[in-house]
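These notes are about the structure you will find just below.
The values are calculated or read from the model by the stated rules, or taken from the named source; none is laboratory data. Please read these numbers as outputs of a predicted model, since none were measured by experiment. Cβ sites come from the backbone with ideal geometry, for glycine too, and all protein chains shown count toward neighbours. When the accessible area is computed, the model is the full protein with side chains, heavy atoms only, and any ligands, DNA or RNA have been set aside. Shrake-Rupley method; radii C 1.70, N 1.55, O 1.52, S 1.80 Å.
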Amino acid sequence: MLVKLAVVLLAAVSAFAAEPIRFKARCLEDLTAQIPEILASQDRATGRFGKGIWIVTDQNAMLPLAAAWSWKDSKNRYYHSRELLDAIMAAGDALIEDQDERGQWMFRKKDGSTWGKIYMPWTYSRWVRSYGLIRDAMPAERRAKWEKALRLGFTGISRELTTARVHNIPGHHAMGLHFAGKALNEPAWTTQAAEFLRRVAAGQHPDGYWSENSGPVVLYGAVYVDTLGIYYAESKDPAVLPVLQKSARFHRYFTYPDGTDVETIDERNPYHGRMRMPNPGFTFSPEGRSWVARQLRLRKEPLPADDAASLLLWGQEGEGAAGDQEHADFDYVLGSGDAAVRRRGPWYLVVSALTAPVPTSRWFQDRQNFVSIYHDRAGLILGGGNTKLQPAWSNFTVGDTALLRRRPGDEQPNFLPPNGLRHAPVSARLLDGGRFGVDLDYGSHRGQIQLEVTGPDRLEYRITGAEGMTAHATVLPRMGQPVSSASGDVATLGDAAFDWAAPGAWIEHAGVRILLPPQATVHWPLLPHNPYTKDGRAEPGEGRMVIDLPSSGRLGVVVLPRNSEKR
């Protein structure tokens with residue numbers, strides 16, 4: 001009987017492993033459903049897409065149109081549609097109209113800010129890929145006009161790549177240059193692109209990620225995967241495939257169960273709360289395809305048209321990975337102790353031991369927040385990642401946090417902390433002996449955080465720190481939802497700030513009760529420095545509700561039953 005059962009189980013696992021993962025039918029359905037909306041967003045007189053201030057990336061919509069135009073399928077009513085062809089050609093004409101003599105565009109943003117001239121990589125690559133799909137159907141005069149403009153732009157891109165370092169933007173440029181070399185019969189460009197993209201592949205860390213300063217870049221890591229994946233789909237360059245396979249494994253562990261990116265180890269971006277859309281680079285290994293299938297199951301709405309088009313054109317369907325990658329408990333350690341992930345029932349916990357000196361660049365965040373706590377029912381509860389000029393986001397501080405603040409309107413701030421404040425540790429290490437947490441060394445002071453799951457809906461967050469330290473716990477906000485305290489404080493998270501000096505034994509927000517030690521205080525909103533606005537300004541929804549704590553103590557995290565009444 002046991003032998004028979006083992007055979008049945010083995011057969012079930014084998015069947016799971018052999019089951020092909022299909023996604024292109026959905027991509028086509030989601031893409032074609034959005035074509036009317038894309039067409040309606042175009043000004044037929046100018047060829048420009050979008051609303052409000054026009055920016056060149058509005059024209060990225062041409063690629064979904066080109067994908068629909070070129071994809072032959074009985075369920076695609078837009079195949080070789082004259083209306084789509086005209087819209088695509090008008091979109092490219094609008095880009096030509098806005099080019100300068102070097103083929104660059106002004107980098108405009110929807111907030112009205114300008115960031116200088118640029119060969120916008122995301123737009124150039126979509127433009128040349130669209131051209132490759134429709135060129136044989138273009139009138140000769142229109143085609144010549146496009147070729148001249150694309151050659152102008154990619155001549156500049158080729159020139160810039162000769163001195164570029166490995167980074168997500170030149171990597172994407174190189175992918176576009178590969179397509180330009182093919183479409184414009186410039187073999188030297190395809191050679192140059194291949195050489196640079198092999199450098200990008202070689203620049204991957206052995207643990208499956210890229211770094212642009214110190215430690216992983218998670219959100220932009222998917223940009224590298226996309227770049228190399230689309231290149232690999234066209235070139236089958238053998239140097240790229242192992243790199244894509246390692247990236248799939250890395251992102252499997254550093255994606256929360258709701259499909260959002262884990263921010264804890266990200267050197268560039270705090271938590272955004274947006275589901276990671278899969279791209280073709282994840283489709284070239286069984287583990288990657290299983291990750292893609294999970295993301296697609298989580299996405300209840302149609303895929304964004306650009307993502308659907310990309311997966312349709314360059315994704316590879318095939319076998320998924322064996323076993324349950326979504327629900328089983330596990331422990332995972334990155335590298336030799338750089339970070340750790342623990343899955344226990346509905347809890348998904350991440351701790352980081354990655355430290356770095358405070359960077360002077362606006363694009364790289366201070367490594368100051370080392371713990372993230374996620375629950376399947378509540379989402380991300382504590383953590384949220386890093387920022388700059390905001391020491392209250394740090395797990396511990398030593399000194400006066402008021403010394404480091406963003407000054408409104410300052411476009412070139414000094415990001416280094418002044419004397420009298422330390423908010424980023426000089427080193428860290430993961431706890432051992434089965435404990436889950438991190439030791440943080442601030443030079444003259446040390447702090448420790450340990451997490452222990454005590455039940456399916458309960459977790460203990462223990463803090464140990466030297467005298468003179470202040471601990472901070474960053475709570476992820478749910479805007480428009482109430483927050484209350486044991487002492488009777490009530491507020492709704494919005495623009496209005498509050499400081500609760502005596503909240504009592506607990507606060508409650510968004511279905512989670514956080515048990516507090518004596519002397520804890522609560523503050524809202526503690527805003528980050530947003531590097532993507534010129535003066536770093538941020539909106540309240542980007543902030544955190546921060547609990548300030550004594551240097552030693554504990555928090556309890558209790559996820560309440562759904563629809564529970566306030567207790």
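A few comments on the model shown:
- Residue that is surrounded by the most Cβ atoms within 10 Å (Cβ to Cβ) [pool: residues in the stretch 1-53 that are in a loop (DSSP other than H, G, I, E, B), at pLDDT 50 or above and among the aliphatic types (A, V, I, L, M)]: Ile53
- For the criterion of being outside any helix (DSSP H, G or I), under 30 Å from Leu416 (Cβ atoms), open to solvent by less than 30 Å² (accessible area, probe 1.4 Å) and in contact with an Asp or Glu (Cβ under 6 Å, 6 or more places away or on another chain), Leu303 fails.
- Taking each residue of the stretch 549-563 that is surrounded by fewer than 16 Cβ atoms within 10 Å (Cβ to Cβ) and looking for partners that are in a loop (DSSP other than H, G, I, E, B) with beta-carbon atoms closer than 6 Å, six or more apart or interchain, yields Pro550/Gln519.
- If you check Ser427, Ser485 for being at pLDDT 95 or above, closer than 14 Å to His523 by Cα and either more than 25 Å from the chain's Cα centre (by Cα) or open to solvent by less than 10 Å² (accessible area, probe 1.4 Å) (or both), only one passes: Ser485.
- Scanning the stretch 91-133 for residues that are among the polar types (S, T, N, Q), surrounded by fewer than 15 Cβ atoms within 10 Å (Cβ to Cβ) and not in a loop (DSSP other than H, G, I, E, B) gives a single hit, Thr114.
- Filter result (within 24 Å of Tyr461 (Cβ to Cβ) and open to solvent by 30 Å² or more (accessible area, probe 1.4 Å)) within the stretch 496-520: Asp499, Ala501, Ala502, Gly504, Ala505, Trp506, Ala510, Gly511, Leu515, Pro518, Gln519
- Wholly enclosed strands (runs of 3 or more DSSP E) of the stretch 463-526 bearing at least 1 residues touching a Ser or Thr at 6+ places or on another chain (Cβ under 8 Å) and at negative phi: 469-475, 482-485, 490-492, 498-500, 506-509, 521-526
- Residue count for the stretch 71-90, restricted to those that are open to solvent by 30 Å² or more (accessible area, probe 1.4 Å) and either assigned to a helix (DSSP H, G or I) or among the hydroxyl-bearing types (Ser, Thr, Tyr) (or both): 5.
- Residues that are over 19 Å from Leu311 (Cα atoms), part of a loop (DSSP other than H, G, I, E, B) and in contact with a helix residue (DSSP H, G or I) (Cβ under 8 Å, 6 or more places away or on another chain) within the stretch 238-250 comprise just one, Ala239.
- When Leu416, Leu404, Leu382, Leu312 are checked against the criterion of being open to solvent by less than 10 Å² (accessible area, probe 1.4 Å), aliphatic (A, V, I, L, M), touching a residue at least 24 places away in the same chain (Cβ under 8 Å) and within 28 Å of Gly437 (Cα to Cα), a single residue qualifies: Leu382.
- Of the residues in the stretch 257-271, not one is polar (S, T, N, Q), over 30 Å from Gln368 (Cα atoms) and assigned to a loop (DSSP other than H, G, I, E, B).
- Restricting attention to the stretch 355-387, the residues that are of a type in the set (A, V, I, L, M, F, W, C), assigned to a loop (DSSP other than H, G, I, E, B) and within 18 Å of the chain's Cα centre (by Cα) total 3.
- Among the criteria (1) part of a loop (DSSP other than H, G, I, E, B); (2) modelled with pLDDT of 95 or more, the one Glu326 does not fulfil is (2).
- Within the stretch 214-233, restricting attention to residues that are of a type in the set (A, V, I, L, M, F, W, C) and not in a loop (DSSP other than H, G, I, E, B), the residue that is surrounded by the most Cβ atoms within 10 Å (Cβ to Cβ) is Leu228.
- Test result for Ala309, farther than 30 Å from Asn60 by Cβ and not polar (S, T, N, Q): no
- So Gly112, is it at pLDDT 95 or above and not charged (D, E, K, R): no
- Criterion applied to Gly504, Gly553 was being over 31 Å from the mean Cα position of the chain (by Cα) and at pLDDT below 95, and the one residue passing it is Gly553.
- Subset of the stretch 432-452 that is within 27 Å of the chain's Cα centre (by Cα) and not small (Gly, Ala, Ser) - its residue that is farthest from Gly345 (Cα to Cα): Leu440
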